[in-house]
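Below is one structure, written out as structure tokens; comments come after it.
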2 protein chains.
Amino acid sequence: MGERNKKIIILKVAEKLFANNGYEGTSIRDIAREGSFNTALISYYFGSKEKLLASIFVYRLERQDQLFTAYWDKKDPLERLSSINAFYVDEFFEKRSFFVLMNQVQAFPGKYVTVKEICNELQSKINQVFSEAVEAGQQQGILREEINVPLMVAVIFGSISKIVFFRCLIFNNPDTSIKYEADIKDAVNTTLRAVVAGLILP
Amino acid sequence: MGERNKKIIILKVAEKLFANNGYEGTSIRDIAREGSFNTALISYYFGSKEKLLASIFVYRLERQDQLFTAYWDKKDPLERLSSINAFYVDEFFEKRSFFVLMNQVQAFPGKYVTVKEICNELQSKINQVFSEAVEAGQQQGILREEINVPLMVAVIFGSISKIVFFRCLIFNNPDTSIKYEADIKDAVNTTLRAVVAGLILP
DNA sequence: CCTACCGATCGGTAGG
DNA sequence: CCTACCGATCGGTAGG
């Protein structure tokens, strides 16, 4: 199987359980049981439960840099904004457990300092990407001048989070089928288009 | 001091610690230490740690019904929407720990079922209040016809949550002073006005 | 990579 | 409302 593969299996099992039951609510025994390996393997490969958590974030965020350049080379600022949004909607669905976990970590004011620093780095890059698109739009006279980018990003990611996490409320079923997945995705994208539309000059 | 007062002290101490460190991350010993009372008091008054958590939600949400009628009797639909938003922004700031906790609870897909049911009741009422305002606005030809209320509510509450919880990112300081509190509140209200503006017919 | 085990801490309660 | 304590489980590791 190889050491690298085994580590990634542990990462993904832990990611899922942490997302569902929380970091404190998941014991290393829970993780070992779910992945059918020995408890001691976690210390063996990662050093500690805390370092396992950090490793999940390093693993998930290390590839984001490449994704940045690949996705939003669109010239038109509005198209670029929509493209960035659509990209993150896809990301939320594809790596749902991870983003649930990221959302949890940020919901604890006094905890997970190391992991939050990793997230903040990504957040800065996201803000910058949005900033460039907005500035381009402003220079072309398409977008309002008074747009506050960090607040706009908060609205966009807050909306994605709430809609993806509220799915159980919208459809009254936490384990929604593929059919509903697509419906939610459409709903988020439509909603974000409305948010972006609010940024356009009348 | 009276039994009722003591119970409320325990509720508020627990609320704060749960919000900061999570339900699983807070032991009944932590709560007892912070409130300078005996560990056994929690079982004595509430039965268990889990019932203490539920009691916090019952305590915080039992008064919401009265608040509904008192706040948004405004006739004009747009004014009413703004009034509801402003009310919840105030609520988030006044009962910050509670809403941080509520946000946490909802961030765990497989946990806190009892507490989530209490939240869902409130959520339904909130959706209904927004629904009435939106329908009134549509009948008067002010608001777009295609507004999806649950999604709109998700955008509004997602935005409030993210901005209030992202304060540390915006100001790079988790323990913001009163001056900054006011700044954040202004920012949220401005942002929500932009969201509502997106609902108006062009 | 597993067995066997450590000290610490957990939620909870019997008895007063 | 406190003391003293229970059994269970926690994260982690020595030794192989």
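Working from Cα pairs under 8 Å separated by at least six residues, relative contact order for chain B is 21 percent.
Cross-link partners of residue B:74 among lysines, defined as those whose alpha carbon lies under 18 angstrom from its own and excluding same-chain residues fewer than eight positions apart: B:125. Taking all protein chains together and a 1.4 Å probe, the residues B:195, A:113, B:115 rank A:113, B:195, B:115 from largest to smallest accessible area. Under the simplified labelling scheme, the residue A:190-residue B:190 pair shows an inter-label distance of 3.1 nm, with each label point 7 Å from Cα along Cα→Cβ. A simple spin-label model places pseudo-atoms 7 Å from Cα toward Cβ; at residue B:39 and residue A:181 they are separated by 4.5 nm.
Ranked by the mean number of other Cβ atoms within 10 Å of their residues, highest first, the peptides A:150-158, B:92-100 fall in the order A:150-158, B:92-100. For A:134, A:58, A:129, the ranking by accessible surface with the largest value first comes to A:58, A:129, A:134, using a 1.4 Å probe. On C-alpha positions alone, give me the angle between the axis of helix B:96-106 and the longest principal axis of chain B, in degrees, nearest 10. Relative to chain B, helix B:96-106 is tipped by roughly 90 degrees. For residue A:124, what accessible surface area do you get with a 1.4 Å probe? Give it in Å², rounded to 10. Taking all protein chains as shown, residue A:124 has close to 70 Å². Phi angles of the stretch A:41-47 translate, via the Karplus equation with coefficients 6.51, -1.76, 1.60 and θ = phi - 60°, into HN-Hα couplings of 4, 5, 5, 4, 8, 10, x Hz per residue; Gly and Pro are given as x.
Checking the a/c ratio against 1.5 first, then a/b against b/c, what shape does the Cα gyration tensor give for the stretch B:3-59? Note, shape of the stretch B:3-59 comes out rounded. Peptide A:100-107 has a mean shielding of 5, counted as Cβ atoms of other protein chains within 10 Å of each residue's Cβ. For the stretch A:77-94, backbone phi angles converted through the Karplus equation (6.51, -1.76, 1.60; θ = phi - 60°) give residue-by-residue couplings of x, 5, 4, 5, 4, 4, 5, 4, 4, 4, 4, 6, 4, 4, 4, 4, 7, 6 Hz, Gly and Pro being listed as x. Couplings 3J(HN,Hα) of the stretch B:122-131, computed from phi: 4, 4, 4, 5, 4, 4, 5, 4, 4, 3 Hz, in residue order, whole Hz [Karplus 6.51 cos²θ - 1.76 cosθ + 1.60, θ = phi - 60°; x for Gly and Pro]. With each label modelled as a point 7 angstrom along the Cα→C-beta vector, the residue B:87-residue B:121 pair spans 1.8 nm. Taking all protein chains as they are arranged and a probe of 1.4 Å, the heavy atoms of residue B:146 leave approximately 130 Å² accessible to solvent. Of A:12, A:125, the order by accessible heavy-atom surface (1.4 Å probe, DNA, RNA and ligands excluded), from most exposed downward, is A:12, A:125.
Per-residue SASA remark: residue B:27, around 50 Å² accessible (1.4 Å probe; ligands, DNA and RNA not included). I'd like the orientation of helix B:178-197 relative to chain B: the angle between its Cα long axis and the longest Cα principal axis, in ° from 0 to 90, rounded to 10. Taking Cα atoms only, the helix is inclined about 40 degrees. Dipole of the stretch A:1-116 computed with +1 at Lys/Arg Cβ and -1 at Asp/Glu Cβ about the Cα centre; of A:19, A:103, A:67, farthest Cα towards the positive end is A:19. For residue A:143, nonlocal amide neighbours, meaning residues 5 or more places apart or on other chains whose placed amide H falls under 5 Å from its own, are A:138, A:201. Rounded if a/c is under 1.5, else prolate if a/b is larger than b/c, else oblate: which is the stretch B:63-197, with a ≥ b ≥ c the root eigenvalues of its Cα gyration tensor? The shape class here is oblate. For the protein assembly as shown, the square roots a ≥ b ≥ c of the C-alpha gyration tensor eigenvalues yield an a/c of 1.5 or more together with a/b not exceeding b/c, which makes the shape oblate.
The values are calculated or read from the model by the stated rules, or taken from the named source; none is laboratory data. The structure displayed is predicted, hence computed values, not measured ones. A quick note on method: Cβ atoms are made from the backbone with ideal geometry, for glycine too, and the neighbour counts reach across all protein chains shown. These area figures cover heavy atoms from the full protein model, side chains too; ligands, DNA and RNA do not enter into them. Shrake-Rupley method; radii C 1.70, N 1.55, O 1.52, S 1.80 Å.
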